[in-house]
1. Just to make sure I understand: if all protein chains stay in place, what is the order of His55, His188, His234 by accessible area at 1.4 Å, largest first?
2. Under 5 Å between amide hydrogens, which residues at least 5 positions from Lys232 or on another chain qualify, with H placed 1.01 Å from N in the peptide plane?
3. I'd like the carbon and sulfur percentage of the solvent accessible area for segment 19-127, probe radius 1.4 Å, heavy atoms only, ligands and nucleic acids excluded.
4. Is the C-alpha gyration tensor of segment 181-313 telling us rounded, prolate or oblate? Criteria: a/c under 1.5 is rounded; beyond that, a/b larger than b/c is prolate, otherwise oblate.
5. Let me make sure I get this right: for segment 124-188, a, b and c are the square roots of the gyration tensor eigenvalues over alpha carbons, sorted descending. Under 1.5 in a/c it's rounded, otherwise prolate if a/b > b/c, else oblate. Which is it?
6. Considering the options Asn288, Ser239, Ala104, tell which one lies farthest towards the positive end of the dipole of the chain, charges being +1 on Lys and Arg and -1 on Asp and Glu at the Cβ, about the Cα centre.
7. So how far apart, in nm, are the two label points at Asp279 and Thr43 if each is 7 Å from Cα heading toward Cβ?
8. Show me the GluC sites (Glu not before Pro) within segment 118-197 that DSSP assigns to loop and that have at most 12 other Cβ atoms within 10 Å of their Cβ.
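The values are calculated or read from the model by the stated rules, or taken from the named source; none is laboratory data. Keep in mind the model is a prediction, meaning the values are calculated, not measured. Ideal geometry is used to build each Cβ from the backbone, glycine not excepted, and the neighbour counts take in all protein chains shown. Areas reflect the complete protein model, heavy atoms only, side chains present, ligands, DNA and RNA absent. Shrake-Rupley method; radii C 1.70, N 1.55, O 1.52, S 1.80 Å.
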Amino acid sequence: MTRDDTAGAEATGGSGEWFDSVSADDVAAIDAILARAVAADGTAAVSEQGEHALHGRGDARHLVWRGDGTVLGYAQLVPGQGEHPPMAEVVVDPDARGKGIGTALVAEVLAGDPDTRVWAHGDLPAARAVAAALGLTGARELLQMRRPLAQPELPEVQVPQGVTLRTYRGPQDDAELLRVNAAAFSWHPEQGRWTEGDVAERRDEPWFDPDGLFLAFDADDPARLLGFHWTKVHPAEGSEPAIGEVYVVGVDPAAQGRGLGRVLTIAGLRYLRDRDLADVLLYVEGDNTAALRTYERLGFARFHTDVAYTRAR
């Protein structure tokens with residue numbers, strides 16, 4: 001673990017320190033806070049990518065807030081790249097809220113780079129209050145949409161002529177998967193950065209299922225991937241049943257206009273349905289009107305919204 005400096009921000013009940021990596025004890029404490037936050041808020045405070053970075057898989061910096069030697073809050077800062085601004089995620093232990101810790105964490109993150117965007121997962125009232133106190137406005141929306149898998153009835157999978165549809169066969173598929181992912185999400189500050197390591201990490205996750213990763217290839221050039229749909233199953237937790245996810249759908253821009261996104265999505269949805277899951281979720285950018293139309297036509301409805309806040313200009 002390497003420490004940088006002591007954060008200048010202070011609030012009732014403690015202060016924060018920046019780290020380049022997080023000690024095992026602090027990781028355990030932050031994981032426990034994240035679990036309590038999910039139970040209290042009904043939504044995760046940190047994304048999957050953020051959880052990976054907390055555990056040392058990424059280039060994030062970490063702001064750990066302590067009071068009386070106990071970890072009370074945490075902020076993670078991922079540096080910007082090119083035209084993409086830095087991104088941050090913040091969580092405060094539910095038992096330590098109401099002391100200004102959230103506001104102090106966000107203020108400290110913004111002090112380093114005022115262009116940083118800070119995620120508010122679920123855009124809860126407390127997050128909106130922090131944003132208002134700091135003069136922040138919403139710059140980006142990420143929608144979670146859901147639908148039951150039984151009804152409305154899912155369409156049949158109709159693979160277009162000249163396309164071959166199969167599932168993942170192992171790391172030999174990774175190069176094409178990454179090529180299409182980078183091309184399809186060149187505009188996306190997180191997804192577009194995926195590397196071989198990102199794929200390998202997910203392949204090692206307990207939820208990974210090669211039969212749930214659908215690949216569409218050019219029938220005339222079997223080595224050329226046109227698009228993919230990676231599904232995921234979230235296991236049951238407490239009273240919450242297992243739920244499927246349209247994890248990532250990516251189509252090579254050169255293959256757009258052939259209906260591949262819809263075909264791949266339907267193939268994955270039918271697979272999740274056949275695993276006896278009741279519901280499925282997905283995330284989509286709020287300004288991606290084409291994707292929103294596709295998903296709404298497939299029976300998805302908005303469930304909740306994540307908002308990235310930034311300094312008003």
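1. Reading off the accessible areas and sorting them downward yields His55, His234, His188.
2. Sorted by chain and number, the residues that satisfy this are Glu245, Tyr247.
3. Details: 2290 of 4500 Å².
Carbon and sulfur atoms account for 51 percent of the accessible area of segment 19-127.
4. rounded
5. oblate
6. Asn288
7. 1.4
8. Details: sites: Glu141, Glu153, Glu156, Glu176, Glu190, Glu196; in loops: Glu153, Glu156, Glu190.
Loop-located and lightly packed - Glu153, Glu156.
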